[in-house]
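Below is one structure; the comments refer to it alone.
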Amino acid sequence: MLSTPVGQRRLLILELLKDPARHFPPRRHTDPAADGVTAAAVADRLGVDRAVADAHLSLLAALGLLRTKRIRRRTHYRRDEIRIAEVARVIEKGW
């Protein structure tokens with residue numbers, strides 16, 4: 001299941017990260033729009049265990065669809081719009 005890049009949860013995560021300020025509350029030291037969101041924030045929003053959210057986020061980051069940024073001891077994830085546009089173009093062309 002986790003080896004495939006397409007999945008409803010992963011698509012939902014990408015959709016939520018389009019406008020993180022709207023979907024995730026601001027944290028004390030970070031801004032969701034500028035810095036991204038943590039796996040814990042995604043897990044809370046989706047109602048899943050943190051390990052599940054972390055697995056989905058790690059896969060999306062490995063595919064290059066998300067960028068990571070370390071702040072303090074946490075990894076924050078945000079969309080890589082350029083990479084997403086490249087992937088969309090490839091898919092539209094038919095591989």
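Quick notes on this structure:
- The set of residues in the range 28-44 that are surrounded by fewer than 17 Cβ atoms within 10 Å (Cβ to Cβ) and either of a type in the set (Lys, Arg) or within 27 Å of Glu86 (Cα to Cα) (or both) comprises Arg28, Asp31, Ala33, Ala34.
- Of all residues in the range 56-69, those satisfying the criterion of being surrounded by 16 or more Cβ atoms within 10 Å (Cβ to Cβ) and touching a residue at least 40 places away in the same chain (Cβ under 8 Å) are His56, Leu57, Leu59, Leu60, Leu65, Leu66.
- Only residues that are within 22 Å of Gln8 (Cβ to Cβ) and touching a strand residue (DSSP E or B) at 6+ places or on another chain (Cβ under 6 Å) were counted across the range 55-78, and they come to 6.
- Among the residues making up the range 62-95, a single one is in contact with a His (Cβ under 9 Å, 6 or more places away or on another chain) and not in a strand (DSSP E or B): Arg72.
- Here Leu17 meets each of (1) out of contact with any Gly (no Cβ under 9 Å at 6 or more places or on another chain); (2) surrounded by 13 or more Cβ atoms within 10 Å (Cβ to Cβ) with one exception, condition (1).
- Condition check for Asp49: at pLDDT 95 or above, over 14 Å from Arg10 (Cα atoms) and touching a helix residue (DSSP H, G or I) at 6+ places or on another chain (Cβ under 7 Å): yes
- In the range 4-61, residue farthest from Thr75 (Cα to Cα) [restricted to those that are outside any helix (DSSP H, G or I) and among the hydroxyl-bearing types (Ser, Thr, Tyr)]: Thr4
The values are calculated or read from the model by the stated rules, or taken from the named source; none is laboratory data. Keep in mind that what you see is a predicted model, and the values were worked out from it rather than measured. We place every Cβ from the backbone using ideal geometry, glycine too, and count neighbours over all the protein chains shown.
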